[in-house]
Amino acid sequence: MKAADLSDHRIATRAAWAPLLFQAAKTARDLGLLTALVDGPKTPAEVSAKTKCSLYAARVLLEGCEVLELVKLEPNDRFSLTAAGELVRTDEMTRVNMNFTHDVCYQGAFYLRESLEQGKPAGLHHTFGAQWPTIYPALTHLPEPAKTSWFAFDHFYSDPVFRLAIAAIANSGAKTVLDVGGNTGRFAVQAAKSLKVTVLDFAEQLSVARENARQAGVELSTHPIDLLDHSQPFPRPFDAVWMSQLVDCFPEADIVGLMKRARSALAPNGRLFVNEPLVDRQPQDVARFNVQATSLYFSCMANGTSRMYHSRELIDCARAAELRFIEERRVGAWHTLLVFGL
Ligand SMILES: C[S@@+](CC[C@H](N)C(=O)[O-])C[C@H]1O[C@@H](n2cnc3c(N)ncnc32)[C@H](O)[C@@H]1O
């Protein structure tokens, strides 16, 4: 290893102060400090006047954002907005990630070590209640803004995939689909326009899915289930079983159990479609950063046992479930569709 230089100290120092700087960036976004710089560089006093923040608040937030390179210090104590600062202000992915980190994960992240040592979501227990075995039965009971930020995060990543996935499922000749972990029915409502769809999830999620289907004027079958109870078979038979952003909610032993139940639910020429943002299939480092950071949410908030997976790991789980890997295809910016058959 080479001797650390100043740039290495910079990286280490960012890690050391990351939680405080995160709060500075989010507060500067929410209080309008970044927006105050859109029409040109300003002093802390000018930003204070424009935002109704105290001069003290404007200065500490601007200097915190300068460390993060969201703003740049110009001559005469003026701060300008950088292109990265503009992303924090306006980019949808950054907004969704920041709100999710803040509203769902931030307080629970303090218990990451406890979560990992116990293999339990200690952050969830300390933050949202010790009665929940995982975050999933808690979803519709989360306090605001955690609930809105959780669903916005989930939908932001999976929504763009659905149209392409429905086409892939229809092209396989499928007429019937079992949507495992279908959540509030965002995929199912779209798919039900051309396919016969049955959704499996917790009863609370399914009642939201049924209401969404009613509003969209489509028919859905719903089947409440605890997916972790592997003694409960899936209904059958289906031409396609769809698992979207689902297997990352489970450790590998449970994924194998879910895939075995999916195999039993397939008609003879049926296919299992697994849609995931795989660690090793991301188009660039920012996308991979998002995926690997999301694993830490699973550790401290979701269940203490799952994570984002590499393609090989899921193909191995499917093999253990006696499913045959058929193909993979890219869907949307971050996701891969893994297709398996009997
Ligand atoms: C990350 S969401 C994915 C939702 C959707 N498929 C998508 O692509 O956006 C995972 C879903 O699995 C459900 N789920 C997780 N664990 C479950 C369990 N033990 N029993 C029933 N449903 C579960 C959750 O309620 C949630 O709706």
In the set Thr127, Thr101, Thr94, which member is polar (S, T, N, Q), within 26 Å of Ala24 (Cβ to Cβ) and out of contact with any helix residue (DSSP H, G or I) (no Cβ under 6 Å at 6 or more places or on another chain)? Thr101
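Does Phe234 satisfy the condition of being of a type in the set (A, V, I, L, M, F, W, C), over 18 Å from Leu338 (Cβ atoms) and either free of Cβ contacts under 8 Å to residues at least 24 places away in the same chain or within 9 Å of the ligand (Cβ to nearest atom) (or both)? Please lay out each step first, then the result.
On the way: of a type in the set (A, V, I, L, M, F, W, C): yes; over 18 Å from Leu338 (Cβ atoms): yes; either free of Cβ contacts under 8 Å to residues at least 24 places away in the same chain or within 9 Å of the ligand (Cβ to nearest atom) (or both): no.
Taking the combined requirement at face value, the residue does not satisfy it.
Residues of the range 148-161 being out of contact with any Leu (no Cβ under 7 Å at 6 or more places or on another chain) and either under 13 Å from Val96 (Cα atoms) or in contact (Cβ under 8 Å) with a residue 40 or more places away in the chain (or both), which ones?
Of the range 148-161, the ones out of contact with any Leu (no Cβ under 7 Å at 6 or more places or on another chain) are 148-149, 151-161.
Residues satisfying the conditions are Thr148, Ser149, Phe151, Ala152, Phe153, Asp154, His155, Phe156, Tyr157, Ser158, Pro160, Val161.
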Looking at the range 97-123, which of its residues are in contact with a Ser or Thr (Cβ under 8 Å, 6 or more places away or on another chain) and under 13 Å from Trp150 (Cα atoms)? Asn99, Phe100, His102, Asp103, Val104
Does Arg307 satisfy the condition of being away from the ligand (no atom under 14 Å from the Cβ), of a type outside the set (Phe, Trp, Tyr) and under 18 Å from Leu337 (Cα atoms)? no
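Does His102 count as touching an Asp or Glu at 6+ places or on another chain (Cβ under 8 Å), farther than 17 Å from Thr305 by Cβ and modelled with pLDDT of 95 or more? Before you say what the answer is, go through the steps one by one.
On the way: touching an Asp or Glu at 6+ places or on another chain (Cβ under 8 Å): no; farther than 17 Å from Thr305 by Cβ: yes; modelled with pLDDT of 95 or more: yes.
Spelling it out, it is not the case that His102 is touching an Asp or Glu at 6+ places or on another chain (Cβ under 8 Å), farther than 17 Å from Thr305 by Cβ and modelled with pLDDT of 95 or more.
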Looking only at the range 287-318, how many residues end up being in contact (Cβ under 8 Å) with a residue 24 or more places away in the chain and of a type in the set (Lys, Arg)? 2
Here's a check for you: in the range 146-204, which residue that is of a type outside the set (S, T, N, Q) and touching a Pro at 6+ places or on another chain (Cβ under 9 Å) is farthest from the ligand (Cβ to nearest atom)? Leu178
Could you tell me how many of the residues in the range 29-61 are assigned to a helix (DSSP H, G or I) and free of Cβ contacts under 8 Å to residues at least 60 places away in the same chain? 20
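Go over the candidates Ala130, Ala138 one by one and state the one that is at pLDDT 95 or above, under 22 Å from Ser244 (Cβ atoms) and of a type in the set (A, V, I, L, M). Even if it seems obvious, please write down each step before you answer.
Values: Ala130 fails: under 22 Å from Ser244 (Cβ atoms).
One residue alone meets the criteria, Ala138.
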Any idea which of Leu272, Leu278 is touching a strand residue (DSSP E or B) at 6+ places or on another chain (Cβ under 7 Å) and either more than 21 Å from His223 (Cα to Cα) or free of Cβ contacts under 8 Å to residues at least 12 places away in the same chain (or both)? Leu278
Out of the residues in the range 62-78 meeting the condition of being in contact (Cβ under 8 Å) with a residue 12 or more places away in the chain and over 34 Å from the mean Cα position of the chain (by Cα), tell me which one is surrounded by the most Cβ atoms within 10 Å (Cβ to Cβ). Arg78
Given the conditions (1) polar (S, T, N, Q); (2) surrounded by 16 or more Cβ atoms within 10 Å (Cβ to Cβ); (3) more than 25 Å from Phe325 (Cβ to Cβ), report the number of the one that Thr198 does not fulfil. (3)
Which residues, counting only those in the range 240-263, are closer than 22 Å to His335 by Cα and either of a type in the set (S, T, N, Q) or away from the ligand (no atom under 11 Å from the Cβ) (or both)? Ala240, Val241, Ser244, Gln245, Pro251, Glu252, Ile255, Val256, Met259, Ala262
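On the given criteria, is Phe202 over 23 Å from Ile255 (Cα atoms) and under 20 Å from the mean Cα position of the chain (by Cα)? Quick ask: steps written out before the conclusion?
Working: over 23 Å from Ile255 (Cα atoms): no; under 20 Å from the mean Cα position of the chain (by Cα): yes.
It is false that Phe202 is over 23 Å from Ile255 (Cα atoms) and under 20 Å from the mean Cα position of the chain (by Cα).
The values are calculated or read from the model by the stated rules, or taken from the named source; none is laboratory data. Since the model is a prediction, treat every value here as computed from it, not as a measurement. A quick note on method: Cβ atoms are made from the backbone with ideal geometry, for glycine too, and the neighbour counts reach across all protein chains shown.
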